[in-house]
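Below: the structure, in structure tokens.
The values are calculated or read from the model by the stated rules, or taken from the named source; none is laboratory data. Computed from a predicted model, the values in this text were never measured in an experiment. For neighbour counting, all protein chains shown are included, and Cβ atoms are generated from backbone atoms with ideal geometry for every residue, glycine included. Accessible surface is based on the protein model in full, side chains and every heavy atom, while ligands, DNA and RNA are left aside. Shrake-Rupley method; radii C 1.70, N 1.55, O 1.52, S 1.80 Å.
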Amino acid sequence: MTTQQLQQQQNQTDADVVSQPRTFERLMGDTELSYYLPSRADGANDMSLCIGFNGPRHLFTPRRVLATWALLLLRHPQLAQRVIPPQSNGSPFETDYSAAKLFFAAPNSPTDVLRKAASLVTFETDASMEELADRYLNGKRLLSETQLTRCIFSQFTSSPEQKDGEFVMFLAATHFVSDSVGFHRMYNEFFTIIAGQEMGYRLSAMDLEDLVRKEWQTRWGSSFSADVVLPSSLEDSLPPAGPLLKRTARKVDFMNSLKKQIGGYALPRTKGANRKGTVQSMRLDEFKTRIVLKNCKKQGVSVSNALFALAAIAWSRTQLARGNELRADLPIMMYTALNIRPYLPPVDTSYWFTAIGFFNVILPSFLPSSARSGDQASWKPLRSTFWHRSRSAKAQSIRAARNPMVPSRAREMARQRSEIAQAFAVEDDARDLGLPLPPPQPQLQSAPSVPSTAPSTALLGLSHLGDLDKILIQKDYPAVRLHTCTPGIRIRPGGLLVFAMTLAGKLSLHLVYDMNGFKDKIVEAWWADVIEGFEEFLVGRPASRL
């Protein structure tokens, strides 16, 4: 929005001003701390979701986009919140890192909201999805402690007589303010406002700005009386921990569950190299996607279940091809996110918050002898093994999601991750200040400890984001055609994640990893085996090497 347009808005809305500043803040919860503290240096785990779409050019002018984003800012104050860092007290060894807060200052007028929207949305021309992703993953950090969410809107050049244009919308947020569910719902609300057939499609830019004024009056006008503006943290939203005896029992359950998490394989990593993130995507058309879904349904599993089996078998095959031994007593462990929202009480304020836990899927590393020929493993004899392990992944996923201890395990996992993040924050800040680290304190033990001989190493993280067509309801904005979606995350050095999703009836896989973080092109070899196995098992097309 130009300065002149903002001035016009100011003249129109001078009466809609509240002079008394209103601010809101709360302490971060453990889940938020576990993501915030590691992100301070260079944005580790900052998330993004990029969607490519076609639509009428007149619907997506900068003025309309900003008015729509202003409406979202009013409905979801967390989009405009910032961080109050913990007070350092001059030394990281005396800093209470759990004192970090989220802070929000309410807009004093509709013009104030539009200004905030203009500061959070950037407009570009001909910036491709790949360019935006590379810049976000490897360039200077886009987000900061004062801007936790940003949007980049790119329009591709086309001839003036063309009514429809090609657009890319790039939404970025720190992981401690939202998760993938929040991203998907935010996109759906954006398109519903700006292009919904019941309202947005018929409204002019001025009409949308008038909606901003009305929404501001409703939420922040003189009659404002709400006490809670920022959603509670995940830990405060979970069912109460209960009395001491129950808390102790739940902690014991959590510790016992960790003992069962056995994994003996990890991707060989390098040290000291500069991080370089990349996203490698495999996209299927609608025809192939239907074949994959049909094959999975026939075997009684989901695509998510099958991907765990595929990732593990591909890793075993890659290892054998390189002459490495597979130990039958060491399984392959992979971790995945668990949506905790179904375990929370209904939230009527906003969906823009983080509510995830984790669980592991553990599968055998060995391959049947019938599938091996020397140091190679053929795909065709592995089909029955693949589907059997897919069903094993399904059973483990169901047990994890339906376990009555999910809330207490999520709380304990968050507490543990928060404590680890705070310990590393002390070390990171001490190094930045050139301070020596104190020697580790000896721990008194009431009884001799028995060392664990079972390793607990995860090979990788895999998240199936599901069918986005169930969240992005395109029939509500038929003038828009969503066609491509790419997730991203500002990966840590040596990081590797796999995402899968379906959009517009098309399944896609996305590998996000640090290109400089692994040895001997091992990730590239494994990913090639994943793609080959995908064609063989899920699509049913024999691999070229058979």
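Using C-alpha pairs under 8 Å with a sequence gap of at least 6, the mean separation divided by the residue count of the chain gives a relative contact order of 24 percent.
Using C-alpha pairs under 8 Å with a sequence gap of at least 6, the mean separation divided by the residue count of the stretch 116-177 gives a relative contact order of 38 percent.
Taking 0.36 nm per residue of sequence separation and removing the Cα-Cα distance, the Lys140/Met515 pair yields an extension gain of 133.2 nm. Here, P(r) means the percent of Cα pairs in each 5 Å bin from 0 to the largest distance; for the stretch 177-316 it is 2, 6, 6, 8, 10, 13, 12, 12, 11, 9, 8, 3, 0.
Equivalent-ellipsoid semi-axes (√(5λ), Cα gyration tensor) for the chain, whole Å, largest first? Intermediate results must be reported in sequence, preceding the final value.
Working: eigenvalues 335, 201, 91 Å².
The equivalent ellipsoid of the chain has semi-axes of 41, 32, 21 Å.
With the other protein chains left in place, how much accessible area per residue, in square angstrom, belongs to the chain at a 1.4 angstrom probe?
Numbers: 25620 Å² over 546 residues.
For the chain, the solvent-accessible area averages 47 Å² per residue.
Element breakdown for the chain at a 1.4 angstrom probe: carbon and sulfur atoms account for 53% of the accessible area. Measuring between their Cα centroids, the stretch 294-337 and the stretch 470-489 lie 30 Å from each other.
I need to check one value: relative contact order of the stretch 455-546, counting alpha carbon pairs closer than 8 Å and at least 6 residues apart, in percent.
Details: 92 pairs, mean separation 22.4, N = 92.
Relative contact order here is 24 percent.
Projected onto their three principal axes, the Cα atoms of the stretch 394-434 cover extents of 50, 19, 6 Å, largest first.
The convex hull of the Cα atoms of the stretch 31-88, projected and averaged over all directions, covers 6.2 nm².
In the structure shown, the pairs Lys101/Lys276; Lys294/Lys470; Lys140/Lys519 are assessed against 23 Å; a Cα-Cα span above that value is assigned to Lys101/Lys276; Lys140/Lys519. For the stretch 248-271 and the stretch 107-168, what is the separation of their Cα centres, given in Å? Taking the Cα centre of the stretch 107-168 as reference, the centre of the stretch 248-271 is 40 Å away. Length available on full extension from Met199 to Leu245: 0.36 nm per residue minus the Cα-Cα distance, which gives 11.1 nm. Here the stretch 105-231 is treated as an ellipsoid with the same Cα gyration tensor; its semi-axes, largest first and in whole Å, are 27, 22, 13. Modelled label positions at Thr484 and Arg290, each set 7 Å beyond Cα in the direction of Cβ, lie 2.4 nm from each other. Couplings for the stretch 335-352, taken from phi via the Karplus curve 6.51 cos²θ - 1.76 cosθ + 1.60 with θ = phi - 60°, read 10, 8, 7, 10, 5, 8, 4, x, 9, 9, x, x, 10, 9, 8, 6, 9, 8 Hz in order; Gly and Pro are left as x.
Cα centroids of the stretch 404-425 and the stretch 72-98: 19 Å apart.
Scan the chain and note any complete DSSP helix (H) whose C-alpha atoms cover at least 30 Å along its axis and whose Kyte-Doolittle average is -0.5 or more. Write down the numbers at each step before the final one.
Values: long enough: 406-432 (38 Å, -0.94).
The answer is none, since no helix passes both cut-offs.
Here the Karplus relation 6.51 cos²θ - 1.76 cosθ + 1.60, evaluated at θ = phi - 60°, turns the backbone of the stretch 87-101 into coupling constants of 5, 6, 6, x, 8, x, 6, 10, 8, 8, 5, 6, 8, 4, 10 Hz, with x for every Gly and Pro. Here the simple spin-label model places points 7 Å from the Cα toward Cβ, and for Glu161 and Ala504 these points are separated by 2.5 nm. In a fully extended conformation the segment linking Glu419 and Lys259 would gain 55.7 nm over its present Cα-Cα distance, using 0.36 nm per residue.
Where only DSSP H runs of four or more residues are counted, the chain gives -12000 deg cm²/dmol as its mean residue ellipticity at 222 nm, each run worth -39500 (n - 2.57).
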